[in-house]
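Only one structure is covered here, and it is reproduced in the block below.
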2 protein chains.
Amino acid sequence: MTSSPLTAPAGFRAAGVTAGLKASGRPDVALVVNDGPLAVAAALTTRNRVRAAAVDLTRRHVADGTARAVLLNSGCANACTGPAGRADAEAAVSQTADLLGVAPTDILLGQTGIIGHRVNQQLFHNGIAAAVAALAADGGTAAAQAICTTDTVSKETFVNTGEGWSVGGIAKGAGMLAPALATMLVVLTTDAVCTAAELDTALRQATAVTFDRLDSDGCMSTNDTVFVLASGASGVRATPAQLGEALTSACRDLARQLLSDAEGANHDIAITVRGATSQEAAVAVGRAVARSNLVKTAIFGNDPNWGRIVAQVGTVPADVAPFDPAELAVTINGVTVCAAGQATATPQVDMRARDVAIDIDLGAGAAQATIWTNDLTHAYVHENSAYTT
Amino acid sequence: MTSSPLTAPAGFRAAGVTAGLKASGRPDVALVVNDGPLAVAAALTTRNRVRAAAVDLTRRHVADGTARAVLLNSGCANACTGPAGRADAEAAVSQTADLLGVAPTDILLGQTGIIGHRVNQQLFHNGIAAAVAALAADGGTAAAQAICTTDTVSKETFVNTGEGWSVGGIAKGAGMLAPALATMLVVLTTDAVCTAAELDTALRQATAVTFDRLDSDGCMSTNDTVFVLASGASGVRATPAQLGEALTSACRDLARQLLSDAEGANHDIAITVRGATSQEAAVAVGRAVARSNLVKTAIFGNDPNWGRIVAQVGTVPADVAPFDPAELAVTINGVTVCAAGQATATPQVDMRARDVAIDIDLGAGAAQATIWTNDLTHAYVHENSAYTT
């Protein structure tokens, strides 16, 4: 039996089944179980103040740094559902805990789909039972499929550290989303030996330079969660640095897969801001440019429109990102189109490839950062307007 | 001879001529002259750090609270043009001052059009001479036409206060713009008697609740300027309160005209946030919702998608806008679709009219504010991607 990427690290089983929560009839309930010996866990959740029940539950249950399993469903985000939605989440987790013979507080929950609707309890109940029955050492791929919403492909990753332990992962979603669907869920696994504090630190390091720098359409979801479970089954102690590097590699690969599958996008855009006084300044400038509809439509039109880029750079407050507008330089796909804040001779820029590299030099310092985004296309408008709740 | 709105207040002449700065051959140079007896002036300019030469010149020349004329051109923003662009701006203003027999520092400048290109000096020189020759007491309408870029109609307004003095105005542009064109220029005139400080205060009051609450696509231009000239020709002293009210009325009317002409828009959206702890909190929430592409595409699809609205409300930090997500209510076109943070019975919402009213109640206080925006449509993507610099 070949193992899937998520369950390739030792000590994990997973499943993905069809409960009927999605009208499409595709798989919609996933379960990832950590068989130990360790039950170390960490999770990062959306910063949105309007949070789904699953997010609050996960925050409470992972606070002690331990978890035995992550239950996930697609087809319904169970967000903005009030006390009834919270009770639904508790019931699903209790059922899973009973079937696995663990405490409910050792189960984490990720839900994704339409906002404002409760999950059909009977269908979910049956789906959970089926998922527990289907748990397998090669079940990661089925789990990856069961968390998809409008994804056109499921996303999996595997990082072999060469140190006797590895990292696996699955992900769903991206910023450019079908209407009212919550966005991103990620589950990572590792068989390294580590503490909860080390795992939490490594997860924060990894997401800060990967998922946190992916800004597809600037819309923050109510359900985003990145889970990581460590089984310790390799028996090998990972150093904090190794753990951070391995999780970063896994997250970077999944982030790229999310970007490539963003709905309606024709171009993947990497905005690198250099010459900044701090990494925070570089991120702020990159994010401002990534959120400009005028920049994103220009890229859709294969137009290296640097005027829109520098106009957007200029919107970042001076206390956030100090720079002199007369020092700005912009290079698109290797061609410098603006230097010293003015037009260059404007040579031809080839914009036909899917990948577009925008390089902005603030000329103010030595820090840099890269933000990834997409272009704004007719397909984005169509996919996000043609649907009625 | 009938007077145009801009020159209806006593003491003003204006002109609009064709200099050939636009490929379309439409009028592109405008001049508005204040014949006094007073020469009181104020101006508010873009907060963008990447500013056109005209913006810096206007800030310097209006600092003393006096101006005799505003020179404007469309077809070229003269932004990101470095020292040469600054010299071009000075030359245009000096020529205008010489022809009018006033000091160069009493001329203000507004320019709009493509970023990164200098204005053709010979064409502009001839255009300025033609504009001075064409100055007339009914020239306001021609001036309004000459500042248009992608506007489908020119914008004019007139407010008769019934106190013996009035306010006139012209405007161009809107946030949803053709590529690389700078955005908004407004010229207001009044024959009231007032001081420069009073005029400046009234202008800030007026723009804070009108143009500053118009957020068409979140993109801040390099050239935005609102000018106001007071001639005192009525001989009537306006109280500060009267002046603020009259300018606010004129600005509100022009802001509505800009919104209605925003490119590619199918819906004008008024987002009213009430129940806020402060007006700043209400503005922050309204602006966040106005900038959500997921909300804007949903409205284009006539979809009363409140899940996307509350998800966007939740992105506003708690220190900016305190509220409890469990208290949120959303009403769309008079139908309450979300109450106490949850779905209501979801009655039918009729979204077919051009005007859409989104009412968000934070349930946290007594302050409120309204932000105006547009939907995000195929036409917006087309008009902003089909053009190549």
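The values are calculated or read from the model by the stated rules, or taken from the named source; none is laboratory data. Quantities reported herein were computed from a predicted structural model and do not represent experimental measurements. Cβ placement follows ideal geometry from the backbone for every residue including glycine, while neighbour counts extend to all protein chains displayed. Only protein heavy atoms, including side chains, enter the accessible area calculation; ligands, DNA and RNA are left aside. Shrake-Rupley method; radii C 1.70, N 1.55, O 1.52, S 1.80 Å.
Tabulated values for the structure
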quantity	calculated
For residues of B:323-330, the mean tally of beta carbons on other chains within 10 Å	2
Extension reserve of the B:SER24-B:ALA136 stretch, reckoned as 0.36 nm per residue once the Cα distance is removed	37.8 nm
Charge tally in the Cβ shell below 11 Å around B:LEU185, where Lys, Arg are +1 and Asp, Glu are -1, B:LEU185 excluded	0
Gain on full stretching of the segment that runs from A:THR239 to A:SER94 - 0.36 nm per residue minus C-alpha separation	48.7 nm
Nonlocal amide H pairs with B:ALA233, under 5 Å, H built at 1.01 Å	B:LEU38
Cα centroid separation - the stretch B:89-110 against the stretch B:307-353, whole Å	52
Summed buried accessible surface, chains B and A, 1.4 Å probe, nearest 100 Å²	4200
The stretch B:134-140 - phi-based ³J(HN,Hα) in whole Hz, Karplus 6.51/-1.76/1.60, Gly and Pro as x	8, 3, 8, 5, 10, x, x
For the stretch B:296-307, Karplus couplings with θ = phi - 60° (6.51, -1.76, 1.60), whole Hz, Gly/Pro x	5, 6, 4, 5, 4, x, 6, 10, x, 7, 5, x
Potential extension, B:GLU280-B:HIS125 segment - 0.36 nm per residue separation minus Cα distance	51.3 nm
GNM top mover of A:SER231, A:SER24, A:SER260 - chain A, alpha-carbon springs below 10 Å	A:SER24
Nearest-first distances (nm) between copies at B:ASN120, label 7 Å from Cα via Cβ	6.7
Karplus-derived 3J(HN,Hα), 6.51/-1.76/1.60, for each residue of the stretch B:237-250, Hz, glycine and proline x	7, 8, 6, x, 5, 4, 4, x, 5, 5, 5, 4, 4, 5
Residue list for the stretch B:263-297, given a label point 7 angstrom along the Cα-to-Cβ vector of B:ALA366 and an amide N cut-off under 13 Å	B:275-279
Two-site FRET efficiency, B:ALA340 against B:ASN160, from Cβ-Cβ distance with R₀ of 45 Å, rounded to 0.05	0.45
Label distances, nm, B:ARG237 versus same residue in remaining copies, Cβ-directed 7 Å point	8.5
Shape category assigned to chain A from the gyration tensor of Cα positions, a/c cut at 1.5	prolate
Label 7 Å beyond Cα on the Cβ vector: A:ARG26 copy-to-copy distances, nm	4.5
Portion, in percent, of the accessible area of chain A that falls on carbon or sulfur, probe 1.4 Å	52
Residues A:ALA357 and A:ALA197, FRET efficiency given R0 of 41 Å [Cβ-Cβ distance, rounded to 0.05]	0.65
Delta accessible area of at least 20 Å² on complex formation, residues of the stretch A:90-135, 1.4 Å probe, chain isolated as reference	A:ILE115, A:GLY116
Number of partner chain Cβ atoms within 10 Å, mean per residue of B:372-384	4
Residues of chain A: accessible area per residue with a 1.4 Å probe, Å²	33
Count, lysine Cα pairs under 24 Å in the protein assembly as shown, 8 or more residues apart or across chains	11
CD proxy at 222 nm, helix term only [per DSSP H run n ≥ 4: -39500 (n - 2.57); per residue of chain A; nearest 500]	-9500 deg cm²/dmol
Calculated FRET efficiency for the pair B:ARG60/B:ASN333, C-beta based, R₀ 35 Å, to 0.05	0.15
Shape of the stretch B:108-263, Cα gyration tensor, a/c cut at 1.5	oblate
